[in-house]
């Protein structure tokens with residue numbers, strides 16, 4: 001459902017542009033420390049994994065205590081965590097602009113359609129019955145007044 005909301009594209013466009021496409025440097029508490037098998041460097045042990053999954057190793061030539069950070073760029077973090085991508089920013093601008101244009105046009109269409117309906121309903125129709133003693137030009141206001149009087153009588157009768 002979140003793909004139907006224009007706010008999804010607005011937030012993705014804003015966050016992707018603001019913090020996307022930048023490098024991440026992990027602090028000391030964010031590193032995962034691994035021990036490679038004997039005879040392998042950290043790069044030999046973790047190289048294939050980091051090329052597929054992303055992230056980086058701070059000491060690639062070490063043979064013990066490999067420090068691994070799970071994310072190298074903000075694009076990796078935003079993409080895996082929030083499904084926000086830097087390269088979608090112009091697509092998101094287009095979607096938000098199309099949503100705005102669609103809603104403005106829809107509001108004008110509904111407004112003009114409603115005005116047409118009201119104009120059609122306010123036309124002075126000829127009398128439907130010939131036995132009414134009301135002149136044609138006074139038909140609608142007197143009919144409303146008569147209806148209102150009947151309603152007042154009905155309300156009074158209900159309360160008694």
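The values are calculated or read from the model by the stated rules, or taken from the named source; none is laboratory data. Just so we're clear, the structure is a prediction, and the values are computed from it rather than from any experiment. Positions of Cβ are backbone-derived with ideal geometry, glycine not excepted, and every protein chain shown enters the neighbour counts.
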Tally of residues being at positive phi and in contact with a strand residue (DSSP E or B) (Cβ under 8 Å, 6 or more places away or on another chain) across region 62-96: 1
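To keep it simple, each residue is scored yes or no on (1) closer than 30 Å to residue 7 by Cβ; (2) surrounded by 11 or more Cβ atoms within 10 Å (Cβ to Cβ); (3) at pLDDT 95 or above.
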| residue | (1), (2), (3) |
| --- | --- |
| 28 | no, no, no |
| 55 | no, yes, no |
| 65 | no, yes, no |
| 68 | no, yes, yes |
| 77 | yes, yes, no |
| 83 | yes, yes, no |
| 101 | yes, no, yes |
| 106 | yes, no, yes |
Residue 60 fails exactly one of (1) within 30 Å of residue 98 (Cα to Cα); (2) touching a helix residue (DSSP H, G or I) at 6+ places or on another chain (Cβ under 6 Å), namely (1)
